[in-house]
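Colleague: Questions regarding the structure given below will be posed in turn.
No value in this document is a laboratory result; all are computed from the given coordinates. All figures in this text were calculated on a predicted structure; none of them were measured in a lab. Heads up, the Cβs are rebuilt from the backbone with ideal geometry, glycines too, and the neighbour counts pull from every protein chain shown.
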Amino acid sequence: MFNQGGLSMEQAPPVMVVLRFFVTASVFGVLLGLYLMGSVGNILPLNEYAFQLTVIHLLSLGVMASFMLGALFQMLPVIAGVVINTPTIKATVVNILLIIGLFLQIFAFATSSSSLYLIASFFLGLGLLYAMSVMLKEVILIKDHSSSSRGMMFALSSFFLAIVLGIYLLLTLGGYIDGSYFKELKEVHYSFALFGWLTLLIVSISFQVVEMFYVTPKYPMLMSRYLVVTIFTLLVIKMMMIFMSLESSSANVVISSLFILYAGVTIHRLYKRKRPTSDATVWFWRLGMGFLIVSMLITLLSNIITINSQILGVAQVSFIGFALSIVFAMVYKIVPFLVWFHLSNQGYMEAPMMFDVIHPKRAKTHFWIHVGMFTSWLLSILFELDGVWLIAPSFLVMLSFGWLLYHLIMAIRKYNYTQQHTEKIEW
């Protein structure tokens, strides 16, 4: 499945390097659901600004960054041929610093403590910048880039910039910097974090894994070769326009249009796949691309005409739906394969097959929980529901991530059980 010119065990990191990040992301997702439920019941007396910042960063750092970093520790050797030395130590350091830094950041938002902002920026900056230095250095040194590895380089560069800007914003909130350009840098931070890091990384990986996982036709050469660098360049141009106090709506329109084009091509490729079997991960990909089209279409229109706040809220929730749909699709492909792959290569006679690690029916159940979660959130925005009406969608957030967390833990247990209780082939 991951074989592109051969994948050796020397290249692949230990399975727990990846699963540690996936479990961390799922735990933060459960905590997000609990946090949302607590805010609905007024158990957490936070102001609106602190609430929004907490939700945004639980999602972007606790959930998405953890999933993405875990996937990168696996994908860089597979897709880009990058070998990360001592991956267990490096992944553990990044994981611990990210967890500590995020909790400190949440408490800083809640208390407005100057010292907590400083300490949070230190732990988050140290952990995330260390991860970027480890990964980005190796990707830059690649001599013969594929479309995916080149795209990863731009995505990692975007994340590096988003981290630096995030540290600046935290120090500004803590009163350590005067924040003369706070508003401008916040917009640039969000642009590079959401469009540069998150979306471009998904786009870059998809150029290889969509074809590899689902046996689809290749993406058009112009798209696979130039889409990522074009969007990254537009983000840089947008940043310059913001600092020059120029209207950046034209850049937003082009970026949104390119993402809509990409999503449409991806849906078409999935429709043309050579193995049209019922697969929940395909459903997640299609749903994710649909969410991306909705989000980018509203974003495009909002830069041309006036859009009311409810529709803008739909765009935001749809973008989250896009990101989580693709992440879940990847996790349900990666985890069963990794457990089987590592145990088989270690010589265990009774290594579980991939459908025994996480049964496909379990992924389908999660898909419908996922659909219910976003349907309820979108309805709550469109009909301006609040109070007790938000208990159900908040509970579904907790249920969705809890469902995934349970199956990740079971996959780890099967891996450990096989190592401890089954016979190993002596080569």
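Colleague: State the extension gain, in nm to one decimal, for the chain segment bounded by L312 and K137, taking 0.36 nm per residue of separation less the distance between their alpha-carbons. Show your work: numbers first, answer last.
Modeller: Numbers: separation 175, 0.36 × 175 = 63.00 nm, distance 3.76 nm.
Gain on stretching L312 to K137: 59.2 nm.
Colleague: I would also like to ask the following. Just report the Cα centroid separation between segment 280-335 and segment 99-154, whole Å.
Modeller: 24 Å
Colleague: Relative contact order of the chain, please, whole-number percent, based on alpha carbon pairs below 8 angstrom and at least 6 residues apart.
Modeller: Details: 547 pairs, mean separation 76.0, N = 427.
It comes to 18 percent, rounded to a whole number.
Colleague: Relative contact order for segment 220-377 using alpha-carbon pairs under 8 Å, separation at least 6, rounded to a whole percent? Spell out each step's value before the answer.
Modeller: Numbers: 128 pairs, mean separation 33.4, N = 158.
The value is 21 percent.
Colleague: A follow-up question, please. Roughly what angle does helix 182-191 make with the longest principal axis of the chain, taking Cα atoms, 0 to 90 degrees, to the nearest 10?
Modeller: Helix 182-191 and the main axis of the chain meet at about 30 degrees.
Colleague: A follow-up question, please. Taking the Cα of Q52, stepping 7 Å toward and past its beta carbon, and measuring to each backbone N in segment 306-346: which are under 18 Å?
Modeller: Answer for this model: 307-320.
Colleague: What pairs in K272/K414; K333/K414; K274/K364 have C-alpha atoms more than 26 Å from each other? Please list the in-between numbers first.
Modeller: On the way: K272/K414 35 Å; K333/K414 17 Å; K274/K364 21 Å.
Check vs 26 Å cut-off fails for K272/K414.
Colleague: Something else now. Under a straight-distance cross-link criterion of Cα-Cα below 19 Å, which lysines are reachable from K238, leaving out those fewer than 8 residues away in the same chain?
Modeller: Result set, ordered by chain and number: K183, K186.
Colleague: What does the net charge come to around F207 if you take all other residues with beta carbon closer than 13 Å to its beta carbon, with K and R at +1 and D and E at -1?
Modeller: Values: positive: R150, K218, R225, R269; negative: E211.
Computed value for this residue: +3.
Colleague: Give me the angle, in degrees from 0 to 90, between the Cα long axis of helix 200-214 and the longest principal axis of the Cα atoms of the chain, rounded to the nearest 10.
Modeller: Result, in degrees: 30.
Colleague: Report the convex hull volume per residue for the chain, counting only C-alpha atoms, in Å³.
Modeller: Considering the Cα atoms of the chain, their hull volume per residue is 146 Å³.
Colleague: Could you sort 286-299, 227-240 so that the peptide with the highest average Cβ count within 10 Å comes first and the rest follow in order? Present the calculation step by step, with values, prior to reporting the outcome.
Modeller: Values: 286-299: 22.1, 227-240: 19.4.
Highest mean packing first, the order is 286-299, 227-240.
Colleague: With angles folded into 0 to 90 degrees, how steeply does helix 147-173 sit against the dominant principal axis of the chain? Use alpha carbons for both and round to 10.
Modeller: Orientation of helix 147-173: about 40 degrees from the principal axis.
Colleague: For the pair T365/Y190, report the inter-label distance in nm, with labels modelled 7 Å from Cα in the Cβ direction.
Modeller: Spacing of the two 7 Å Cα→Cβ label points: 3.7 nm.
Colleague: Another question, if that's okay. Can you return the aspartates and glutamates within cross-link range of K424? Criterion is Cα-Cα under 18 Å, with same-chain partners fewer than 8 residues away left out.
Modeller: List returned: E350.
Colleague: Still on this model: Normalized C-alpha radius of gyration of segment 341-427, against 2.2 N^0.38 Å? Present the calculation step by step, with values, prior to reporting the outcome.
Modeller: Details: Rg = 19.2 Å, N = 87, 2.2 N^0.38 = 12.0 Å.
Segment 341-427 yields a ratio of 1.60.
Colleague: Right, another one. log₁₀ I(q)/I(0) of segment 178-326 at q = 0.10, 0.17 Å⁻¹, via Debye over equal Cα point scatterers, no solvent, to two decimals?
Modeller: The Debye formula, applied to the Cα set alone, gives -0.37, -0.98.
Colleague: Next question, about the same structure. Tell me which of M296, Y214, S380 sits at the most positive position along the dipole axis of the chain, charges placed on C-beta atoms (Lys, Arg +1; Asp, Glu -1).
Modeller: Y214
Colleague: Let me check against my output: what whole-number percent is the relative contact order of segment 206-299, with C-alpha pairs under 8 Å and at least 6 apart? Could you put the intermediate results ahead of the total?
Modeller: Working: 65 pairs, mean separation 34.0, N = 94.
Contact order relative to length: 36 percent.
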